[in-house]
Amino acid sequence: MTTRVDASFVIAFDGESHRILRDGVVVIEGNTIVHVGKSYSGQADEVIDARGKMVIPGFINLHAHITQSPLSMGMKEDMPRGARIPGSGTLSANPWVPEDWMGEAMARSSVYELLKSGVTTLVELGAPDWLGYRESVDIIGGLGIRTYMSAGYRSGVRVEGELSHDNDMGFKQMENALRYQRELEGSHDDRMRFILYPRTADLVSPELFRETMRVAEERALPVETHAAQFYGELRDIKKLYGVDPITYLHDLGVLKPRTILGHVIYVTSHQEIGETVDAPELDLIAGGGSTVAHCPYVFARVGRALESYSKYMDRGVNIGLGTDIFPQDMLNEMRWGAILSKVIDCDSVAGTAPDLFNSATVYGANALGRRDLGRIEVGAKADIVFIDLNTVRMSPIRDPIRNLVYGATSQDVDRVIIDGKTVVIRGVVVGMDERLMARDLQRIGEHFIDAIPGRNREGKRAEDISPFSYNEWDA
């Protein structure tokens with residue numbers, strides 16, 4: 001089937017960069033873009049009138065934990081830095097383990113949010129030891145979003161705060177992950193692929209990292225790990241190996257073109273470390289061709305920021321964007337990425353709208369080695385998003401990309417097409433009921449809160465750990 005889209009603006013790709021095409025035409029045949037231009041003389045089975053709308057490439061979310069989101073909403077915000085919610089993480093000594101349906105419900109609601117904010121490709125950093133993994137894979141795949149699924153593994157264990165490694169455990173977990181890879185790679189019409197996920201730089205041994213990179217090369221798989229995300233991680237890696245986390249990964253051969261590093265906030269020039277001025281680690285990342293998955297909002301919430309987006313870009317580091325936990329909203333991440341860059345650099349032209357738009361599209365695609373994603377050009381996958389320009393937030397229109405980054409919300413996303421199929425139309429996600437999902441999330445949240453006293457030695461309740469914003473009034 002051939003579909004012609006007539007739009008007021010198309011953000012087209014000229015082979016090197018995005019371009020603004022006024023009154024443009026995009027033609028889709030099956031799941032592939034076959035024409036981009038000012039006009040089209042061929043026949044079309046369907047014509048979509050997108051006048052009054054801007055057509056953009058779908059966003060690529062390089063870093064998310066959708067089967068764990070939004071568990072800590074209403075608790076984690078405004079908590080002191082370093083404070084923890086007992087049992088909230090998969091690496092906790094006594095973690096809260098949801099029933100399978102809960103993980104599936106969190107995955108479903110997260111995909112709903114992602115689709116509503118224009119995300120067409122997702123990298124999900126999953127925890128198969130924590131919930132119904134196979135069921136979540138089928139739910140995510142069935143909702144139509146293009147996904148790089150993972151199954152995390154680690155060798156690191158902590159006993160009374162001291163870090164050591166259990167390689168037997170780590171290699172068993174990795175083999176389990178590779179079993180999932182064999183099962184799901186290429187499923188759901190090839191929208192479901194696999195990414196290796198050694199969880200964090202400090203919790204994966206040198207031996208396990210080396211095996212990861214061997215398998216990645218053998219199977220042509222991308223790799224993602226958390227790196228330099230906390231000060232404690234830097235301290236532990238320096239204690240064990242005598243170098244910072246990024247140099248540690250470089251020395252192990254991890255910094256490759258299809259390696260994604262989650263966050264990379266604590267390089268040695270960060271104000272909380274202050275060991276160097278120029279952060280030599282950035283040259284190692286750029287030299288290896290690796291990508292930083294920048295998740296600005298989740299870290300801004302706890303008083304941390306990348307120092308800085310523009311500095312990393314100027315040093316040649318490829319930067320993509322991710323949502324991490326909640327909210328799963330890429331429009332929000334673009335805006336926070338731009339604003340925080342300006343604040344950190346004290347410079348109004350740092351972190352510009354096109355910079356962040358590139359990070360959400362073509363730079364994310366490059367990280368995955370996908371020349372067919374993140375751009376509207378002939379031969380690319382038909383993963384496109386329609387933005388309604390006839391809203392107060394998007395008016396008046398002069399530069400549509402600035403309006404998008406600094407003003408748009410998910411309410412302005414009118415239609416989303418993934419792999420040639422419409423998954424959002426007139427702002428409604430096909431086949432999903434937001435009220436039912438909200439009801440399920442409320443049940444999960446209450447179950448999680450009720451379990452907290454049994455997850456800490458002192459028996460503290462949620463309100464003891466994270467008091468309400470205001471006291472309740474029994475007037």
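Every number in this text was worked out from the coordinates using simple rules, so none of it is lab data. Please read all numbers here as calculations on a predicted model, not as lab measurements. Positions of Cβ are backbone-derived with ideal geometry, glycine not excepted, and every protein chain shown enters the neighbour counts.
Report the label-to-label distance for ILE20 and ARG426 in nanometres (one decimal), using points 7 Å from each Cα along the Cα→Cβ vector.
A separation of 3.0 nm, rounded to one decimal place.
Starting from the Cα of ARG182, step 7 Å along the direction of its Cβ; do the same at VAL47; then give the gap between the two resulting points in nm.
Rounded to a tenth, the inter-label distance reads 5.3 nm.
Assuming 1.567 mPa s and 4 °C, estimate D for the range 342-475 with Stokes-Einstein, Rh taken as the Kirkwood radius over Cα pairs, in µm²/s. Present the calculation step by step, with values, prior to reporting the outcome.
On the way: Rh = 19.5 Å.
My calculation gives 67 µm²/s for D.
What is the sum of charges, Lys and Arg at +1 and Asp and Glu at -1, for the other residues whose Cβ falls under 11 Å from the Cβ of ARG370?
Details: positive: ARG146, ARG193, ARG258, ARG371, ARG375, LYS381; negative: ASP372, ASP383.
So the surrounding residues net to +4.
Students often check this: by mean Cβ neighbours within 10 Å, which of 184-190, 201-207 ranks highest, and how do the rest follow? Present the calculation step by step, with values, prior to reporting the outcome.
Values: 184-190: 14.9, 201-207: 22.0.
The packing order, highest mean first, is 201-207, 184-190.
If the chain between ASP450 and ARG393 were fully stretched, how many nm would it gain, using 0.36 nm times the residue separation less the Cα-Cα distance? All intermediate terms of the calculation are to be shown ahead of the outcome.
Details: separation 57, 0.36 × 57 = 20.52 nm, distance 4.02 nm.
Stretched out fully, the ASP450 to ARG393 stretch lengthens by 16.5 nm.
Only counting other Cβ atoms within 10 Å, I'd like TYR266, TYR470, TYR197 sorted with the fewest neighbours first.
Numbers: TYR266 24, TYR470 6, TYR197 29.
Neighbour counts put them in this order, fewest first: TYR470, TYR266, TYR197.
When 1/r is averaged over all different Cα pairs and the result inverted, which Kirkwood radius in Å belongs to the range 62-172? Before the final figure, lay out the partial values.
On the way: mean 1/r = 0.0648 Å⁻¹.
For the range 62-172, the Kirkwood estimate is 15.4 Å.
Calculate how steeply helix 133-142 sits against the longest principal axis of the alpha-carbon atoms of the chain, using the helix alpha-carbon long axis, and give the answer as 0 to 90 degrees to the nearest 10.
10 degrees
What's the ranking of 27-33, 378-384 by average number of surrounding C-beta atoms within 10 Å, highest first? Don't skip to the end; give the middle numbers.
Values: 27-33: 17.9, 378-384: 21.7.
The densest-packed peptide leads the list: 378-384, 27-33.
Whole-Hz ³J(HN,Hα) for each residue in the range 415-431, computed from phi via Karplus 6.51 cos²θ - 1.76 cosθ + 1.60 with θ = phi - 60°, x for glycine and proline: what do you get?
8, 10, 10, 10, 6, x, 10, 6, 10, 9, 9, 6, x, 10, 6, 4, x
Total Lys pairs in the chain closer than 17 Å by alpha-carbon, pairs eight or more apart in sequence or interchain only?
Numbers: LYS38/LYS53; LYS53/LYS116; LYS76/LYS460; LYS116/LYS421; LYS311/LYS342; LYS381/LYS421.
Qualifying lysine pairs in the chain: 6.
Which whole-Hz couplings ³J(HN,Hα) result when phi for each residue of the range 106-111 is put into the Karplus expression 6.51 cos²θ - 1.76 cosθ + 1.60, θ = phi - 60°, listed in order with x for Gly and Pro?
Whole-Hz 3J(HN,Hα) from phi for the range 106-111: 5, 4, 5, 5, 5, 4.
So for the range 59-367, considering every pair of alpha-carbon atoms, how many percent are separated by more than 29 Å?
Working: 14384 of 47586 pairs.
Above the 29 Å cut-off, the range 59-367 has 30 percent of its Cα pairs.
Net charge near GLU272, counting Lys/Arg +1 and Asp/Glu -1 over other residues with Cβ under 10 Å of its Cβ? Spell out each step's value before the answer.
Working: positive: ARG304; negative: GLU307.
Net of charged neighbours comes to 0.
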